[in-house]
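The values are calculated or read from the model by the stated rules, or taken from the named source; none is laboratory data. In this text the structure is predicted, and so the values were computed from the model without any measurement. Neighbour counts run over all protein chains shown; Cβ positions are idealised from the backbone, glycine included. Heads up: the accessible areas ignore ligands, DNA and RNA and are worked out on the full protein's heavy atoms, side chains in. Shrake-Rupley method; radii C 1.70, N 1.55, O 1.52, S 1.80 Å.
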Amino acid sequence: AGDGGEGANVRYTGHAVEARVYAEDPLRGFLPSTGPLVKYVEPPSSVDVGGEDGPCHIRIDTGVVPGAIVTPHYDPILSKIISYSPVSREHAILGLGSALDRYLLRG
């Protein structure tokens, strides 16, 4: 902690933002929305948000596949989606919005 030890020479580059995707029902107090994932299509790993800044890079961390069953016995998180931009935080946020728009989930 401030002593110049391990990690002191880490160079930070770019900007990343994350969203978590849950199978929850807000009308039932955010209880798990259970059943099969009928449709599950992830967004591309790179999304162009327009302009001259180039694409944002997208990463999906998930443990589900089409047909997976969401049960009430576990945390109903389906995935984390991360957008990275070497340009700016605003660019990363635009990339995250675009990727979420392309994320197809139905269950």
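Note on ASP48: accessible area is roughly 100 Å² with a 1.4 Å probe, heavy atoms of protein only. Let me have the relative contact order for segment 27-68, percent, based on Cα pairs under 8 Å that are six or more residues apart. So the answer I get is 42 percent. For segment 48-102, the square roots a ≥ b ≥ c of the C-alpha gyration tensor eigenvalues yield an a/c of 1.5 or more together with a/b exceeding b/c, which makes the shape prolate. Here's the picture: charge each Lys and Arg Cβ at +1 and each Asp and Glu Cβ at -1 in the chain, and of SER46, VAL10, VAL87 the one pushed furthest to the positive end of that dipole is SER46.
Rounded to the nearest 20 debye, the dipole magnitude of the chain is 340 debye, with +1 charges on Lys and Arg beta carbons, -1 on Asp and Glu beta carbons, and the Cα centre as origin. When the trypsin sites (Lys or Arg not before Pro) in segment 1-91 are filtered for DSSP coil states and for at most 16 other beta-carbon atoms within 10 Å of their beta-carbon, the remaining sites are ARG11. For ILE93, ILE58, the ranking by accessible surface with the largest value first comes to ILE93, ILE58, using a 1.4 Å probe. The apolar share of the surface of the chain, taken as the fraction of accessible area on carbon and sulfur atoms (1.4 Å probe, ligands and nucleic acids excluded), comes to 52 percent. In loop segments of the chain as defined by DSSP, the chymotrypsin sites (Phe, Trp or Tyr not before Pro) with at most 12 further C-beta atoms inside 10 Å of their C-beta are TYR12, PHE30, TYR74.
Excluding the sites themselves, what is the longest stretch of the chain that contains no GluC sites (Glu not before Pro) in a DSSP loop with at most 11 other C-beta atoms within 10 Å? The longest such stretch corresponds to 53-107. Computed from Cα positions, the angle between helix 89-102 and the longest principal axis of the chain comes to roughly 20 degrees.
Largest mean-square fluctuation among GLY51, GLY67, GLY35, in a Gaussian network model of the chain whose springs join Cα atoms under 10 Å apart, belongs to GLY51.
Quotient of the Cα radius of gyration of segment 8-107 and 2.2 N^0.38 Å, N being its number of residues: 1.24. Enter the accessible area of LEU78 (Å², nearest 10), with the probe set to 1.4 Å and all protein chains included. Roughly 20 Å² of LEU78 is accessible to a 1.4 Å probe. The residues of the chain have, on average, 68 Å² of accessible surface per residue, using a 1.4 Å probe with all protein chains present.
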